[in-house]
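*Asks:* Got a structure for you, questions after.
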Amino acid sequence: MTLFLNIVERLALGVSRFISSMAALVLFWIVAITCINVIGRYFFNAPLYAGEELVKVSMAGVIFLSLPTLFFRNEHIVVDLFPVFQRGYLGWVLSIIFLGIAAYCLWVIADKTMFYANRSWEDKDTYEYILVPSFLASEENQFVPKYIVDYFIAISVFFTSLLVCLRLIIVASKPGSSAEINEEA
């Protein structure tokens, strides 16, 4: 069982590194769009069409690509007011409780987000300014549908919840440890 959990943990760390790289690429995309938009606006008096909306949509990419990695590696913001609660069996039990609550809450959020993504798909909601490339556009709609980003967010939060469950299983299999991990890899 321990060997299996170690393999799964290494696989999850590899996936989280890949997802982090994707988030970095999206962040680079945001920087490039912002630079083009600013240069176009101030030097050529012609800002990038839909530049601000592209940045807003891309921010969702950065946030929700980073979310699974942050939770799995336990790199989210933590305030250590009472470090005595992080050690030993008390820290282990509290880690299990908090990881269980986090997994449940993330699952509920993902479920609600999936509901809104389905509704966005049914209503055929689109972005206001972002155009679909001409070879993909239809006669009735030339704008990018919102459900694509909505589904991405929902799937990302579901994946985050599953990684928190994996972290819960890993912590539960090591009595006396806590969710705080020391990375050797």
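We did not get these values from a lab; they are worked out from the coordinates using the rules stated. What you see is a predicted model, and the numbers here were worked out from it, not measured in a lab. Note: ideal-geometry Cβ built from the backbone for every residue, glycine included; neighbour counts use all protein chains shown.
*Asks:* Need one number: the % of Cα-Cα pairs in segment 2-172 sitting beyond the 27 Å mark.
*Replies:* Counting pairs separated by more than 27 Å, the tail of P(r) holds 42 percent.
*Asks:* Sort 115-123, 36-44 for me by packing, meaning the mean count of neighbouring Cβ atoms within 10 Å per residue, highest on top.
*Replies:* Packing proxy ranking, top to bottom: 115-123, 36-44.
*Asks:* Going by C-beta contacts inside 10 Å, put Leu3, Leu162, Leu11 in order with the fewest on the left.
*Replies:* The most exposed by this proxy come first: Leu3, Leu11, Leu162.
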